[in-house]
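> Structure provided below as structure tokens; questions to follow.
Every read-out reported here was derived from the displayed coordinates using simple, explicitly stated rules and does not represent laboratory data. Worth saying up front: this structure is predicted, and the values here are computed from it rather than measured. No Cβ is skipped: glycine too gets one built from the backbone with ideal geometry, and neighbour counts run over all protein chains shown.
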């Protein structure tokens, strides 16, 4: 009986492997879509390129970059664009990430639409300002045991103009068994008045293609490609209190926002809540002290949620939602704005607290990452 099961499993595995190989061959040789044309915003001269790739990749090959925080994996839903013709039916991978209004108005995910025939699309004009930057790594610094600060000196072009809070896509170089390039989104940590370099805070994600490359293989003087700036997470006008909430490498865009507030001497009260597990997860403490001198009214409140936090820790304990709620309750929050960056779970929990104590959705801004 055991031998029959083993033989059956082996046979099924062989069949599956054969089918996979046949699919690859069919995709490469039979699914030849030839040259296709992509018309953008009714321009008279369309792009002409070889079909078969995703629309996101096809546009990228022509130096037209759509936002894509997930690197084209169909999870961030940032690469939305309007496709007037040639896209085919909406895929199951797209539907959950599109609203009924977007579906009705022909909005699609560029990373999921395959270029098989001529396409007619519309994309916002401001996206043509996104550029590809050739850079050189000039600094790699350990912030914690799993977060590194990496500085990229801009070589071509030599300057970048961005809003504090925006992000760039970092493209890895091939290493070991990883032969193809991938790209992932990371928020800019450097001040937006620094035009010649970009700082990124990169946390090691187990088995992450790009983060593994950064933490184990990237070296100073390496040449690296960035694409950006992207994103609509940035400081809004107002005269009320500013609440910032972050965890881990979510520190990056908040630091950039604080630098902008400090440099412009914006006269608003700022309270920054930072969630960590243990004391070894805390960093940029000296920079926070500097902000207390540079920003008119600034308070930094770190909280440790780990079960084994020692008695030497005199600060807040528990989830970051606890000190956040304590700060908001029994006060007028009608003009308060909130800016958050962290895990989807943290963002969701803090969003509930913020709305409970009077912040409407239009005054809550966040940049979630997983």
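> State, to one decimal in nm, how far the label point of residue 57 lies from the label point of residue 232, with both points 7 Å from Cα in the Cβ direction.
Inter-label distance under the simple model: 2.9 nm.
> Among 111, 81, which comes first, second and so on when ranked by fewest other beta-carbon atoms within 10 Å?
Fewest-to-most Cβ neighbours within 10 Å comes out as 81, 111.
> Could you state the number of Å between the C-alpha centres of the stretch 316-350 and the stretch 176-248?
If we compute the Cα centre of each part, the gap is 24 Å.
> What is the fewest-to-most order of 357, 217 by other Cβ atoms lying within 10 Å of their Cβ?
The fewest-first ordering by Cβ neighbours comes to 217, 357.
> Here is a further query. State the antiparallel share, in %, of DSSP beta bridges confined to the chain, rounding to the nearest 5.
So the antiparallel bridges amount to about 60 percent of the total.
> Can you tell me the 0 to 90 degree angle between the C-alpha axis of helix 344-356 and the longest principal axis of the chain, rounded to 10?
Approximately 50 degrees, to the nearest ten.
> Okay, next question. What is the distance in Å between the Cα centroid of the stretch 264-291 and that of the stretch 87-115?
Spelled out, the Cα-based centre of one part sits 40 Å from the other.
> A further question follows. Evaluate the distance, in nm, between pseudo-label points positioned 7 Å from the Cα of residue 362 and of residue 128 along their respective Cα→Cβ axes.
Calculated label separation equals 3.1 nm.
> Output the 0 to 90 degree angle, nearest 10, between the alpha-carbon long axis of helix 285-294 and the longest principal axis computed from the alpha carbons of the chain.
60
> Follow-up question, since we're still on this one. Quick one, which of (1) 21.8; (2) 23.1; (3) 21.0 is the actual Kirkwood radius over Cα pairs in Å calculated for this model?
Correct label, based on the coordinates given: (2).
> What list do you get for 98, 127 if you sort them by fewest beta carbons within 10 Å?
So the residues, fewest neighbours to most, are 127, 98.
> Then there's this: Add -39500 (n - 2.57) for each DSSP H run of 4 or more in the chain, then divide by its residues: what number comes out at 222 nm, to the nearest 500 deg cm²/dmol?
Helix-only estimate at 222 nm: -7000 deg cm²/dmol.
> While we're on this one: Express in nm, to one decimal, how much length is gained between residue 118 and residue 332 on full extension, taking 0.36 nm for each residue of separation and deducting their alpha carbon distance.
Result: 71.5 nm gained on full extension.
> Using a simple spin-label model with points 7 Å from Cα along the Cα→Cβ vector, what separation in nm is obtained for residue 50 and residue 279?
5.8
> Quick one: if the Förster radius is 30 Å, what FRET efficiency do residue 141 and residue 42 give, using the C-beta to C-beta distance and rounding to 0.05?
Step by step, r from the Cβ atoms, then E = 0.05.
> Choose one answer from 114, 335, 82: the residue with the largest mean-square fluctuation in a GNM of the chain with alpha-carbon springs under 10 Å.
335
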